[in-house]
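The values are calculated or read from the model by the stated rules, or taken from the named source; none is laboratory data. Worth saying up front: this structure is predicted, and the values here are computed from it rather than measured. Please note: Cβ atoms are built from the backbone with ideal geometry, for glycine as well, and neighbour counts cover all protein chains shown. Accessible surface areas use protein heavy atoms only, side chains included; no ligands, DNA or RNA. Shrake-Rupley method; radii C 1.70, N 1.55, O 1.52, S 1.80 Å.
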Amino acid sequence: MNTQLEWQPDILGPGFEQTTLHLKSDDEGDCVATLVRADPPAPRRLRDRLRGKPAPLAHDTDVLYIHGWQDYFFQTHLADYWREQGAQFYALDLRKYGRSIRPHQTPGYVEDLATYDEEIEIALAAMGHGHQHHTPRKLVLVGHSTGGLVLSLWVARHPGRASALVLNSPWLEYQLTSAVRRAAAPVLGIQAKIKPKAQLVNIDFGLYNRATSIHRDGEWEFNEQWRPGGGFSVRSAWMSAILAGHATVAKGLGITDPVLVQLSDKSLLVPRWNPEMMRCDVAIDVDIVAARSRNLGNIVTIARIPGAMHDVTLSQQPARQQSFDAITQWMRAYL
């Protein structure tokens, strides 16, 4: 279906290309995902090789990034960081998100997080890391928020495929503790079967977008139709799938590859704007997620970044630089 991928200029401008990944249709009709790739890193100079200068830390590495809920890839500085480390960088807009949303679709909607295996596999094949490929290059998977949950579950189901996992504020547990999740999951599961697209109460007050948008209090430019201030409508089957993912993580994933989890040092989960939201996580409870991160696998490093926001790479300086420095230090040890 995707054997002849056509790369075209991406909306991010020079240095980025995109290709459409055609997926199986669902009850809403045709589905696609979008794979974005950055220009390759600069090749090592012969003079540096002859002088014995060490290669960049990730010179033989491919990176695949997956975004979070009501989000898409626009973080060009993240791609720049990985290119500086010598890696080839790719990002995937999942079905019904960002570049992949189509008019007939419910944004962000899915009934099982394993559904994303289809586009992940097609993307990896396009990168040279498919089942039939035997490449010496390492594969690092990078996931933010819900994307971190999706990739954690994928790595657990596909051992040996990735070299390492980098998680940026992964949504690994419900905000109100696992006890509330266990109580809510059965009721929500029944509703998801009867009315899978029933809308739940949306508690997104647009505060995170206010903290990040250049048109408000933040410093980042993004498409606000793809990353709306009030968020997407939360559907019962989608929420049930998220809670099922949380329950799987709580049981332990047994990941044997090294994992880096980056989180802010504090959360602020309140319904009204506070300038302190520029320096903390307003989406997840970082202490609960830090505790749950220990269930991911055998080698898990947890880096708490003072002053970081939910997407630590969108944080103000110096938190943003501390995040990249932590990845670099971790790569020296494990990659």
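Okay, residues lined up against (1) surrounded by fewer than 19 Cβ atoms within 10 Å (Cβ to Cβ); (2) outside any helix (DSSP H, G or I); (3) in contact with a strand residue (DSSP E or B) (Cβ under 8 Å, 6 or more places away or on another chain); (4) at pLDDT 95 or above:
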| residue | (1), (2), (3), (4) |
| --- | --- |
| E276 | yes, no, no, yes |
| D287 | yes, no, yes, yes |
| R294 | yes, no, yes, yes |
| M309 | no, yes, yes, yes |
| T313 | no, no, yes, yes |
| Q317 | yes, yes, no, yes |
| R320 | no, no, no, yes |
| S323 | no, no, yes, yes |
| Q329 | yes, no, no, yes |
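Considering (1) among the polar types (S, T, N, Q); (2) in contact with a strand residue (DSSP E or B) (Cβ under 9 Å, 6 or more places away or on another chain); (3) surrounded by fewer than 19 Cβ atoms within 10 Å (Cβ to Cβ), the lone condition that T146 does not fulfil carries the number (3). The residues of the range 177-223 that are modelled with pLDDT of 90 or more, crowded, with 16+ Cβ neighbours inside 10 Å and among the hydrophobic types (A, V, I, L, M, F, W, C), listed by number, are L207, A211, W220, F222. Per the conditions (1) open to solvent by less than 60 Å² (accessible area, probe 1.4 Å); (2) over 29 Å from D80 (Cβ atoms); (3) not hydroxyl-bearing (S, T, Y), the sole criterion not satisfied by V270 is (1). Inspect the range 25-44 for any residue being free of Cβ contacts under 8 Å to residues at least 40 places away in the same chain, of a type in the set (S, T, Y), more than 29 Å from R235 (Cα to Cα) and open to solvent by 50 Å² or more (accessible area, probe 1.4 Å) and give the result as yes or no. The answer is no; no qualifying residue exists. The sole residue among K24, K53 that is over 15 Å from the mean Cα position of the chain (by Cα), modelled with pLDDT of 95 or more and among the basic types (K, R) is K24.
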